[in-house]
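> Next up is a structure, given as structure tokens.
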Amino acid sequence: MGAAIQEQPDVCLLDIRMPGSGIRAAEAIAVELPECAIVMLTVSRSDVDLFDALRAGAVGYLLKDIDPQRLPLALRGVLDGEAALPRHLVALLIDEFRARGRHNRLRLVRREGDALTPREAEILELMRSGLTTNEIAEQLDVPRAIVKADRAAILRKLRVSSPKVALRLLDE
């Protein structure tokens, strides 16, 4: 982040999993250098990472397996005000937009001061669809321990003792 502040680039390439967190770096750069276009260049295909990056201020999310000839074109597009997203990730954004109705139901069960994070809300929806902890971890491309910790946080925030009770809240 310090190098970006010092150099003040037009475009800043970050990785989600860079040391210290690419998301936190993107948030800081977006605040300090609002004119800088932030593009994530990563191996992560996780929709959670994509949404977190966009919320943090990224205008692009490119995968490291991008055709090397396409990268400069994507970056020029970003400088011209375009978003840089592979088509299959655009499809994820559309799916997320369509799913807003489901997320609105989640707001009904949240308690003031105990809002679920976007990842927790996603995990709760995946639990609702019947996925196991291992399947959720695989789908989100995160360690099983992360999913277990998020599940525990969901139960605590919803003030329930089991996943079954949490899921019943969604159906009320």
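Please treat every number below as a calculation from the coordinates, not as lab data. Being a predicted model, the structure only gives us computed values, none of them experimental. Neighbour counts run over all protein chains shown; Cβ positions are idealised from the backbone, glycine included.
> Consider all pairwise Cα distances in the chain and report the whole-number % of them above 19 Å.
For the chain, the share of Cα pairs beyond 19 Å comes to 61 percent.
> To the nearest 500 deg cm²/dmol, what mean residue ellipticity at 222 nm is calculated for the chain from DSSP H runs of n ≥ 4 alone, each contributing -39,500 (n - 2.57), summed and divided by the residues?
That calculation yields -17500 deg cm²/dmol at 222 nm.
> Mind listing the long-range amide H neighbours of Asp15? Cut-off is under 5 Å, sequence gap 5 or more, other chains count too, H placed in the peptide plane at 1.01 Å from N.
Under 5 Å from the amide H of Asp15 lie the amide H atoms of Leu41, each far enough along the sequence or on another chain.
> Neighbour counts of other C-beta atoms within 10 Å: give me Cys12, Cys36 arranged from fewest to most.
Cys36, Cys12
> Note down the nm distance, to one decimal, between modelled labels 7 Å out along Cα→Cβ at Gln139 and at Val90.
2.5 nm
> Please list, by residue number, every one of the GluC sites (Glu not before Pro) in segment 1-89 that is coil in DSSP and has at most 10 other beta-carbon atoms within 10 Å.
Glu35
> Here is a follow-up. What residue among Gly57, Gly81, Gly22 shows peak mean-square fluctuation when the chain is described by a Gaussian network model with Cα springs under 10 Å?
Ranking Gly57, Gly81, Gly22 by mean-square fluctuation puts Gly81 first.
> Comparing Val78, Val90, Val48, which has the greatest mean-square fluctuation in the GNM of the chain with Cα pairs linked when under 10 Å apart?
Val90
> Okay, next question. Go ahead and set up a Gaussian network model of the chain, Cα springs under 10 Å, then flag whichever of Ile23, Ile66, Ile38 fluctuates most.
So, out of Ile23, Ile66, Ile38, the one fluctuating most is Ile66.
> What is the spin-label model distance, in nm, from Gln6 to Gln69 if the labels are put 7 Å beyond Cα along the C-beta direction?
Distance between the two pseudo-spin positions: 3.7 nm.
> Now for a separate question. With the crude spin-label approximation of a point 7 Å out along Cα→Cβ, what separation in nm comes out for Asp80 versus Lys164?
The modelled label-to-label distance comes out at 5.8 nm.
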